[in-house]
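Student: Starting off with a structure, shown below.
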Amino acid sequence: MKGVVFAMGYDAIPYEKRIKENIRNYTLSNLFDMEIVKKYLSNLAEMLEINILLTDRHGEKEIVIGDSFLGFHPDVVSQPGRKLRVQNRTVGHLYINALNTGRDERLMNEMVDGTVELLAKLGEEVYLHREGSIYLEELEKQLSDKKHHTTGNEREDVLTGVFNKLYFETKMKIIDRSEVVPVAVLNVNINDWKYANDNFGDEESDRLIKIVADILKEEANPYFIIGRIDGDVFGVLIPMAEDGEAEGYAARVQDRCFTYEDPILAPSVAVGIVYKTNIEETLEEKLSDAEYEMFDNKFEIKNSEGYRERLEKKI
């Protein structure tokens with residue numbers, strides 16, 4: 001497969017690079033059945049007379065066995081414990097605390113290290129299998145699209161260059177099937193687009209849509225998925241969004257719109273943000289939830305001081 005480019009993940013990238021990079025989208029619960037892992041670690045703890053703590057890559061506690069770690073706040077940078085690594089990337093940290101100092105310490109450490117190695121191999125198999133399954137789905141779609149002479153342009157919205165509604169929905173389904181969480185879901189709606197259309201005509205109102213789309217693209221990270229899902233509405237997906245990442249992005253976009261200098265138009269957007277945190281949820285459902293949040297933001301913006309004056313500056 002070396003050197004072959006597949007339409008994998010969220011962009012077409014070399015397969016080897018995809019495998020190396022997409023592990024960042026996986027949590028422990030994506031890689032393991034945590035109930036089975038907890039049962040296994042409980043048996044290990046009982047047999048070795050130890051307490052066990054398993055955290056995610058950031059140090060958040062996932063499995064705690066015993067009372068030794070009450071009030072303990074893992075510092076995964078300076079005290080990482082035993083690192084659980086998949087594709088050379090840390091996905092978790094395992095800490096132990098021996099209760100019986102008379103136990104054979106060498107044997108205890110060998111068994112714990114063996115457990116970490118076993119989990120790492122299992123996680124590797126799950127990861128490669130899941131990514132391979134997504135690849136096959138994408139490849140099948142590519143072949144199907146080729147039969148129907150699908151071109152790259154048919155995935156894009158002609159006016160803005162972001163994904164069109166149909167392809168954006170396809171992306172949502174792929175992410176749903178990959179069981180990646182969390183995913184930040186943003187509904188972005190242009191405020192008073194109809195005002196621009198009524199007062200300045202189709203050409204200027206189309207230019208307003210393109211201005212907003214360009215800002216959305218310029219402020220986005222490469223792995224953001226942006227689509228035009230209605231005339232003046234955009235959807236944005238951020239797989240494995242970091243804390244505050246979606247909120248920071250929305251704030252930058254709104255600030256760019258507000259400070260945009262134009263002799264006629266006054267760009268402004270309302271943004272609703274929700275998160276998919278459960279693999280049983282669908283991104284289609286969350287996008288509808290984000291729309292409700294967007295309307296709350298729109299009400300606040302349109303009733304803010306100076307909004308109407310800026311909008312009507314050329315009338």
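Student: Ignoring ligands, DNA and RNA, please state the percent of accessible area on segment 214-301 from carbon and sulfur, probe 1.4 Å. All intermediate terms of the calculation are to be shown ahead of the outcome.
Tutor: Values: 2100 of 4260 Å².
About 49 percent, which is the carbon plus sulfur part of the accessible surface.
Student: To the nearest 20 Debye, how big is the dipole of segment 7-101 about its Cα centre, given +1 on the beta carbon of each Lys and Arg and -1 on that of each Asp and Glu?
Tutor: That gives a dipole near 400 debye.
Student: Compute the separation of the alpha-carbon centres of segment 251-298 and segment 17-39 and state it in Å as a whole number.
Tutor: Each part's Cα centre sits 30 Å from the other's.
Student: Could you list, in their original order, any pairs among Lys173/Lys194; Lys165/Lys286; Lys20/Lys217; Lys171/Lys302 whose Cα atoms are separated by more than 23 Å? Before the final figure, lay out the partial values.
Tutor: Values: Lys173/Lys194 31 Å; Lys165/Lys286 16 Å; Lys20/Lys217 25 Å; Lys171/Lys302 32 Å.
Beyond 23 Å between Cα atoms: Lys173/Lys194; Lys20/Lys217; Lys171/Lys302.
Student: Would you kindly derive the ³J(HN,Hα) couplings of segment 266-281 from the backbone phi angles with the Karplus curve 6.51 cos²θ - 1.76 cosθ + 1.60 (θ = phi - 60°), listing them in order in whole Hz, with x for Gly and Pro?
Tutor: Karplus values, whole Hz, x for Gly and Pro: 10, x, 7, 10, 9, 10, x, 10, 9, 10, 8, 10, 10, 5, 6, 6.
Student: Counting pairs of alpha carbon atoms under 8 Å apart in space and at least six apart in sequence, what relative contact order in percent does the chain give? Before the final figure, lay out each step's value.
Tutor: On the way: 434 pairs, mean separation 48.9, N = 315.
Answer for the chain is 16 percent.
Student: Another one. Can you tell me the accessible area per residue over the chain, all protein chains present, probe 1.4 angstrom, in square angstrom?
Tutor: For the chain, the per-residue accessible area is 54 Å².
Student: With springs only between Cα atoms under 10 Å apart, run a GNM on the chain and tell me which of Asp214, Asp56, Asp198 wobbles the most.
Tutor: Highest fluctuation among the options: Asp198.
Student: So, with +1 on the Cβ of K and R and -1 on the Cβ of D and E, and no other charges, what is the size of the charge dipole of the chain about its Cα centre, to the nearest 20 debye?
Tutor: Its charge dipole is roughly 860 debye.
Student: P(r) for the chain, please, calculated from all Cα pair distances in 20 Å bins and given in %.
Tutor: Going out from 0 Å in 20 Å bins, the chain shows 27, 45, 23, 4, 0 percent.
Student: Multiplying the sequence separation of Leu122 and Lys217 by 0.36 nm and subtracting their Cα-Cα distance, what value in nm do you get?
Tutor: Extending this stretch completely gives an extra 30.4 nm.
Student: Mean projection of the alpha-carbon convex hull of segment 10-92 over all orientations, in nm²?
Tutor: With every direction weighted equally, the projected area is 6.6 nm².
Student: Let me ask another. Along segment 87-92, what does the Karplus equation 6.51 cos²θ - 1.76 cosθ + 1.60 (θ = phi - 60°) give for ³J(HN,Hα), rounded to whole Hz, x for Gly and Pro?
Tutor: 6, 6, 10, 5, 10, x
Student: Work out the FRET efficiency for Asp243 and Glu203 from their Cβ-Cβ distance, taking R0 = 41 Å, and round it to the nearest 0.05.
Tutor: Efficiency, rounded to the nearest 0.05: 0.50.
Student: In a solvent-free Debye calculation with one equal scatterer on each Cα, what is log10 I(q)/I(0) for segment 173-315 at q = 0.15 Å⁻¹, listed in the order of the q values?
Tutor: So the normalised log intensities work out to -0.73.
Student: Residues with amide H under 5 Å of Val86's amide H, sequence separation 5 or more or different chain, H placed in the peptide plane at 1.01 Å from N; which?
Tutor: Close amide H contacts, sequence-distant or interchain: Val91.
Student: To continue, here is another question. Using a Debye calculation, one point per C-alpha and no hydration shell, please list log10 I(q)/I(0) for segment 65-140 at q = 0.12, 0.16, 0.27 Å⁻¹ in order.
Tutor: -0.49, -0.74, -1.25
Student: Can you give the accessible area of Ser29 in Å² (nearest 10), computed on protein heavy atoms with a 1.4 Å probe?
Tutor: 70 Å²
The values are calculated or read from the model by the stated rules, or taken from the named source; none is laboratory data. Remember, predicted model here, so these are calculated numbers, not experimental data. Here the Cβ is made from the backbone with ideal geometry for all residues, glycine too, and neighbour counts use every protein chain on show. Ligands, DNA and RNA are stripped out before the accessible areas are found, and what is left, the full protein with its side chains, is counted by its heavy atoms. Shrake-Rupley method; radii C 1.70, N 1.55, O 1.52, S 1.80 Å.
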